[in-house]
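K.L.:
Got a structure for you, questions after.
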Amino acid sequence: MTIYARVRIFLEMIKFSHTIFALPFAFTGAVLAARGVPTLAQAGWIILAMVGARTAAMGLNRVIDAEIDGRNPRTAGRAIPAGLLGRGAVLCFIVISVLLMLFAARMLNPLCLYLSPVALGFILLYSYCKRFTSLAHVVLGICLAGAPLGAWIAIRGSADLPAFLLAFAVLFWVAGFDILYALQDMDFDRESGLHSIPARLGVNGSLWTSRIFHVVSCLFLIGLYFHLGLGHFFLAGVVATCGMLLYEHYLLRGGDLACLDAAFFNMNGYISVTLFFATLLDTMTAGAL
């Protein structure tokens with residue numbers, strides 16, 4: 001198999017295209033921190049740090065969960081259990097991704113570099129969480145919450161309250177939709193002794209937990225709006241985000257997973273992009289900060 005083919009399979013395995021979930025939130029944090037558009041250099045290093053971190057995270061998850069994935073009918077076709085990639089090859093990609101993240105962090109500022117091991121620690125922790133806690137969804141939320149928090153630090157060189165408000169909004173947003181996504185594996189998790197909110201609370205309990213998490217996420221966004229005195233564009237983005245989350249839960253009412261792809265992939269992609277552009281318009285037109 002050629003190197004090109006291996007890279008293509010690896011990128012498909014880690015769902016590289018789904019970086020769209022986290023990257024717009026990183027730039028939302030960067031735009032708020034910069035009071036406008038970051039420099040081209042800052043934007044470039046933030047992108048590279050994000051790509052490195054997410055690629056390493058997904059690669060580690062696939063390596064650590066390879067045996068579990070092989071037993072789960074939904075995931076048995078993934079590259080490692082299907083024999084399309086060896087663990088050694090994937091580990092090489094992971095090492096390269098970690099080095100990319102660390103180098104990009106170093107180029108941004110010292111605090112970004114010093115905090116990189118913390119981010120990597122949570123990335124590693126997440127892949128093991130389902131073996132001992134139902135709160136794996138929250139740990140995943142913490143991992144992605146690092147995107148806006150890290151971007152803010154990349155611009156300001158400090159971690160300030162607005163960055164944490166946005167980070168907590170992302171944490172509960174991610175944890176909420178990951179609970180919905182985990183409904184697919186509820187029966188498998190129970191049979192395999194794995195932990196998740198669906199395995200613990202069932203369909204109805206999971207739906208309500210996800211709804212509560214998404215309400216909390218919206219409250220943090222509203223708190224960010226008032227704390228920074230942001231303008232009408234940002235408020236419109238928050239309203240649109242709340243509306244899309246409501247529609248996401250409407251699609252999955254009663255635990256009907258037939259619309260999961262639309263609710264999970266489409267709506268969540270729209271949410272992150274919408275909030276970013278709302279923030280960008282707000283800061284560029286009103287000097288929001």
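The values are calculated or read from the model by the stated rules, or taken from the named source; none is laboratory data. Keep in mind that what you see is a predicted model, and the values were worked out from it rather than measured. Cβ: placed from backbone, ideal geometry, glycine included. Neighbour counts: every protein chain shown. Side chains are part of the model used for accessible areas, which takes the heavy atoms of the whole protein and leaves out ligands, DNA and RNA. Shrake-Rupley method; radii C 1.70, N 1.55, O 1.52, S 1.80 Å.
K.L.:
State in Å² the accessible area per residue of the stretch 147-289; use a 1.4 Å probe, count heavy atoms of protein chains only, and round to the nearest integer.
P.N.:
I get 42 Å² per residue for the stretch 147-289.
K.L.:
Right, another one. Based on Cβ point charges of +1 for Lys and Arg and -1 for Asp and Glu, what charge dipole magnitude is obtained for the stretch 28-90 about its Cα centre, in debye rounded to the nearest 20?
P.N.:
My answer is approximately 80 debye.
K.L.:
Given the -39500 (n - 2.57) contribution per DSSP H run of 4+ residues, what per-residue ellipticity at 222 nm results for the chain, rounded to the nearest 500 deg cm²/dmol?
P.N.:
Helix contribution divided over all residues of the chain: -25500 deg cm²/dmol.
K.L.:
Leaving out ligands and nucleic acids, note down the accessible area per residue over the stretch 1-115 with a 1.4 angstrom probe, in whole Å².
P.N.:
48 Å²
K.L.:
Quick one: grab the alpha carbon gyration tensor of the stretch 135-200, order the square roots of its eigenvalues as a ≥ b ≥ c, and give me rounded if a/c is under 1.5, else prolate or oblate depending on whether a/b is larger than b/c.
P.N.:
Here the stretch 135-200 falls in the prolate category.
K.L.:
Ok, one more. How high is the relative contact order of the stretch 65-120, in percent, counting Cα pairs under 8 Å that sit 6 or more residues apart?
P.N.:
16 percent.
K.L.:
Give me the distance in nm between label points sitting 7 Å out from Cα along the Cα-to-Cβ direction at Leu111 and Leu235, one decimal.
P.N.:
A separation of 3.0 nm, rounded to one decimal place.
K.L.:
Amide H of Thr133 versus every other amide H placed in the peptide plane: which residues, excluding those fewer than 5 positions away on the same chain, fall under 5 Å?
P.N.:
His195
K.L.:
For the chain, report the translational diffusion coefficient in µm²/s to the nearest whole number, using Stokes-Einstein at 10 °C, 1.306 mPa s, and a Kirkwood Rh over Cα pairs.
P.N.:
82 µm²/s
K.L.:
How far apart, in nm, are the 7 Å Cα→Cβ label points at Asn204 and Thr2?
P.N.:
About 5.6 nm separates the two model spin labels.
K.L.:
Tell me, what does the Kirkwood hydrodynamic radius of the stretch 85-236 come to in angstroms if you use every pair of distinct C-alpha atoms?
P.N.:
17.1 Å
K.L.:
Moving on. Among Lys15, Lys130, what's the order by accessible area (1.4 angstrom probe), most exposed first?
P.N.:
My answer, sorted largest first, is Lys15, Lys130.
K.L.:
Carbon and sulfur atoms: what percent of the 1.4 Å accessible area of the chain do they account for?
P.N.:
Solvent-exposed carbon and sulfur of the chain make up 70 percent of the total.
K.L.:
So which helices of the chain fit the span-like rule, where a helix is a whole DSSP H run, its Cα atoms reach 27 Å or more along the axis, and its mean Kyte-Doolittle is at least -1.0?
P.N.:
Qualifying helices: 40-64, 87-108, 110-129, 136-156, 161-182, 197-228, 232-251, 267-286.
K.L.:
Okay, next question. If you average the sequence gap of Cα pairs under 8 Å that are 6 or more apart and divide by the length of the chain, what percent do you get for the contact order?
P.N.:
22 percent
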